[in-house]
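Input: one structure, supplied below.
Every number here is computed from the coordinates shown, using simple stated rules; none is lab data. Nothing here was measured: the structure is a model prediction, and the numbers come from that model. Counting neighbours? That spans all protein chains shown, and the Cβs are built from the backbone with ideal geometry, glycine included.
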Amino acid sequence: MALSAEQRDQVERRIRAAIDRLLTGQIPPGGACDVKTLAREAGISRASLYRTWGYLKDEFEKRRAAAWAVGQQPDPREARIARLRELNQRLTSNSPAPTPSSTSSKSVTDSSCPSWPPRATSSSGSAAS
């Protein structure tokens, strides 16, 4: 079914409004700053976003990439992941690998770590029934 010019304008305005909201960090619960959430927020299917409104999807992805390039992270979860990756990178590049002398010398059979389930042994050394 073809949309009238007025309907097309309404859908385009909804998509552009959703783009602006996502890029300013107004991420809905359970969503992210991605195409899937963009389609859901605009009230259209993802397939429609790709087929009919592809130029707006591309605009969204370009604006999102530009925001990331200058250090802005609209999605707080993505920002947290980026910070943790950076921290992990720093920690792994600055710390030497553990050496055998720096690790604990306790054996697995130590009394502080009993086997499970505990086994009772008879005087002959076999497991009790």
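I'd like the Karplus ³J(HN,Hα) series for the stretch 75-80: coefficients 6.51, -1.76, 1.60, θ = phi - 60°, whole numbers in Hz, and an x wherever there's a Gly or Pro.
3J(HN,Hα) across the stretch 75-80, in whole Hz: 8, x, 5, 5, 5, 5.
How high is the FRET efficiency between ARG85 and GLN26 when r is their beta carbon distance and R₀ equals 25 Å, given to the nearest 0.05? Don't skip to the end; give the middle numbers.
Numbers: r = 24 Å, r/R0 = 0.97.
Here the calculated transfer efficiency is 0.55.
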